[in-house]
């Protein structure tokens, strides 16, 4: 410590993580309502794998198990992974993703508070690069819990019968398949789309938005990150939509589809891997949203949030260096 004053957070890590888990519940409830209870199995698998991996790594690092296992940080990471992966993905995929997040992205960098990259997004990127076929298997609305459980535990995967494209994937595929004659309005008539966003995903997005507002109300997160992320996503989408409405979807679809709300309130708000200065938070979240939209619209992946967050994680030291506010009691530019 070189300068003062310093403010101490009155809430413990456990209390903060518990609030985050509670904030995720509205989105999870909507998820189960719209797409079945398979996601609950994935949450259980991810949580179990996270606690086991955390315990092993803590033992190897000779850290007290009770203190660190009880802070719930591993469970938050596990839930974000489970909510990012397909709910009918094979059991080994969510377990492998969780092990990658906890062991590689978290503990190999020194544990909680030392990781430069968001562990859940590291796991997602590894999975989508290594297992693109399994990562594209999202459930059809007609699958019941028994069918989803069977698929998760290793049942036969007749892809055409059990899966449906995500809205962003359906949009990208439809536009590319139609070539120069393709029009967004025609693609949006497909079964993957609802009134303003993805069919069913509108409710999930609303659930995560409600949870995010709860975190803002509880002052677990600051307004800078979600506001910058959502505003940048909306402005970028509006600009291209206004220029070429036949080739680019409206900003409402981008806000009400995919992982936009989950990212805005639960991923870019990671206090460890993200920027810490007020202006830096705006730059970090805005940059992540812009890159994510570019990948959505021009890249080979339907949703680029994970890649965007990791790219901005790399930039955090530089962002914080150039957005550091003046030290209390000192003029800007003085040492």
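Can you name the residue in the range 92-122 that is outside any helix (DSSP H, G or I) and free of Cβ contacts under 8 Å to residues at least 60 places away in the same chain and, of all such residues, is nearest to residue 16 (Cα to Cα)?
Here the residue is 111.
Looking at this structure, is residue 233 surrounded by fewer than 21 Cβ atoms within 10 Å (Cβ to Cβ), assigned by TED's automatic domain parsing to the domain that holds residue 210 and modelled with pLDDT of 90 or more?
Considered against the rule, which asks whether it is surrounded by fewer than 21 Cβ atoms within 10 Å (Cβ to Cβ), assigned by TED's automatic domain parsing to the domain that holds residue 210 and modelled with pLDDT of 90 or more, residue 233 comes out as no.
Looking at (1) over 14 Å from the mean Cα position of the chain (by Cα); (2) part of a helix (DSSP H, G or I); (3) touching a residue at least 40 places away in the same chain (Cβ under 8 Å), which is the one condition that is false for residue 230?
(1)
If a residue must be buried (at least 16 other Cβ atoms within 10 Å of the Cβ) and either more than 26 Å from the chain's Cα centre (by Cα) or within 23 Å of residue 153 (Cβ to Cβ) (or both), how many such residues does the range 43-62 contain?
8
Does residue 89 meet the test of being over 17 Å from residue 208 (Cα atoms), without any contact (Cβ under 8 Å) to a residue 60 or more places away in the chain and outside any helix (DSSP H, G or I)?
Judged against the criteria, residue 89 is not a match.
Would you mention how many residues in the range 87-96 are surrounded by 24 or more Cβ atoms within 10 Å (Cβ to Cβ) and either modelled with pLDDT of 95 or more or under 13 Å from the mean Cα position of the chain (by Cα) (or both)?
Residues in the range 87-96 being surrounded by 24 or more Cβ atoms within 10 Å (Cβ to Cβ) and either modelled with pLDDT of 95 or more or under 13 Å from the mean Cα position of the chain (by Cα) (or both): 1 in total.
Please indicate, with yes or no, whether at least one residue in the range 261-271 is within 27 Å of residue 28 (Cβ to Cβ), buried (at least 19 other Cβ atoms within 10 Å of the Cβ) and free of Cβ contacts under 8 Å to residues at least 40 places away in the same chain.
No - not one qualifying residue is present in the range 261-271.
Looking at 240, 252, can you tell me which residue is modelled with pLDDT under 95 and under 25 Å from residue 87 (Cα atoms)?
The conditions single out 252.
Restricting the range 300-325 to residues that are over 16 Å from residue 275 (Cα atoms) and in a loop (DSSP other than H, G, I, E, B), which is modelled with the highest pLDDT?
Filtering the range 300-325 for residues that are over 16 Å from residue 275 (Cα atoms) and in a loop (DSSP other than H, G, I, E, B), the one modelled with the highest pLDDT comes out as 304.
The values are calculated or read from the model by the stated rules, or taken from the named source; none is laboratory data. Computed from a prediction, not measured in an experiment: that's the story for all the values here. Neighbour counts run over all protein chains shown; Cβ positions are idealised from the backbone, glycine included.
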